[in-house]
Amino acid sequence: MSESSSSGVYRSTFAVPGMDCPSEERIIRMALDAVPEVRGLRFDLGNRRLEVRHVGAAEAVLARLEPLGFGVRLDGSVEAESEPETAPSDPAAESRVLKQLLAINAAMFVVELVLGLVAQSTGLIADALDMFADAAVYGLSLYAVGRAVAAQRRAARVSGWLQMLLALGALSEVARRVIMGSEPVEALMIGVALVALVANVSCVALLAKHREGGVHLKASWIFSTNDALANLGVVLAGLLVAATGEAWPDLVVGTAVGGLVFWGAVRILRLR
């Protein structure tokens, strides 16, 4: 159903196929913060849908979302009869959890990066960048509290450029090892990936009681479970390296994860 008036308040539902983690939620929030007609957002990452309460035509919201590259489409709009009730939250508790998540991911970024270089594993190096991307999301969430939208955008752009440079570095390392050859240390590869898996499971445990609360923490819970699956992918690559005596499983994982981190940076930098 389309809006019949340009001055009423409407509830529009958008399908967002490319949205499944808190970094993407943060990008969408920042893109719509600058739209004065927007009155509220509700994210459903599990079903990759977004509900927006806004004044006027939904096309103004769609015009902000389309350049982000998430494949957004408008499913429909209905007139909103009343403002939704805001669920109670505990900002202090959420802030504590975000700080713990930031500390875990920042520490694992350093550990995986150093040991990935020692193990000659592009999979571990790329997974370290994934940890960095997570840490950046949590850091931006903490930085955004009480700050203007312009300041949040500047911080996001700095994070996006840094993330892109690191991703390019990881992909360059994959290319170098394809040309020059590498001998991944499968035992170290598997051991570090298992430690990273424990770290992500710890993040899931920290977020478990918040996953039905604030949308950002709910999104982070989904994100951490996905990261745990990525860690299992690195473990599998290590097992294949051990079984075949070849480096290609590690190079495949390194390319895939590095590419995902690079694409995440591109989306951040598309913010207007």
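The values are calculated or read from the model by the stated rules, or taken from the named source; none is laboratory data. From a predicted model like this one, the values you see are computed outputs, not experimental measurements. Backbone-built Cβ (ideal geometry, glycine too); neighbour counts: all protein chains shown.
Per-residue answers, yes or no, for (1) within 26 Å of D33 (Cα to Cα); (2) modelled with pLDDT under 85; (3) of a type in the set (F, W, Y):
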| residue | (1), (2), (3) |
| --- | --- |
| G191 | no, no, no |
| L197 | no, no, no |
| H210 | yes, yes, no |
| W221 | yes, yes, yes |
| N226 | no, yes, no |
| T244 | no, no, no |
| A247 | no, no, no |
| T255 | no, no, no |
| G258 | no, yes, no |
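Of all residues in the range 1-34 being part of a loop (DSSP other than H, G, I, E, B) and buried (at least 16 other Cβ atoms within 10 Å of the Cβ), which is modelled with the lowest pLDDT? The residue in question is E3. Contact map, the range 150-176: first residue at negative phi and at pLDDT below 70, second residue surrounded by 13 or more Cβ atoms within 10 Å (Cβ to Cβ) and acidic (D, E), Cβ cut-off under 8 Å, separation 6 or more or different chains; pairs are Q152/D33. Condition first: over 15 Å from the mean Cα position of the chain (by Cα) and modelled with pLDDT of 85 or more. Can you find one or more residues in the range 124-136 that meet it? Taking every residue of the range 124-136 in turn, at least one turns out to be over 15 Å from the mean Cα position of the chain (by Cα) and modelled with pLDDT of 85 or more.
For the range 103-122, taking the residues that are under 11 Å from V192 (Cα atoms) and of a type in the set (G, A, S), the one that is surrounded by the fewest Cβ atoms within 10 Å (Cβ to Cβ) is identified as A119. Being more than 30 Å from A135 (Cβ to Cβ), at pLDDT below 75 and surrounded by 14 or more Cβ atoms within 10 Å (Cβ to Cβ) is a description that does not apply to E37. Residue count for the range 35-65 under the criterion of being over 23 Å from the mean Cα position of the chain (by Cα), charged (D, E, K, R) and not in a strand (DSSP E or B): the result is 2. Only residues that are among the acidic types (D, E) and under 12 Å from N200 (Cα atoms) were counted across the range 92-126, and they come to 0.
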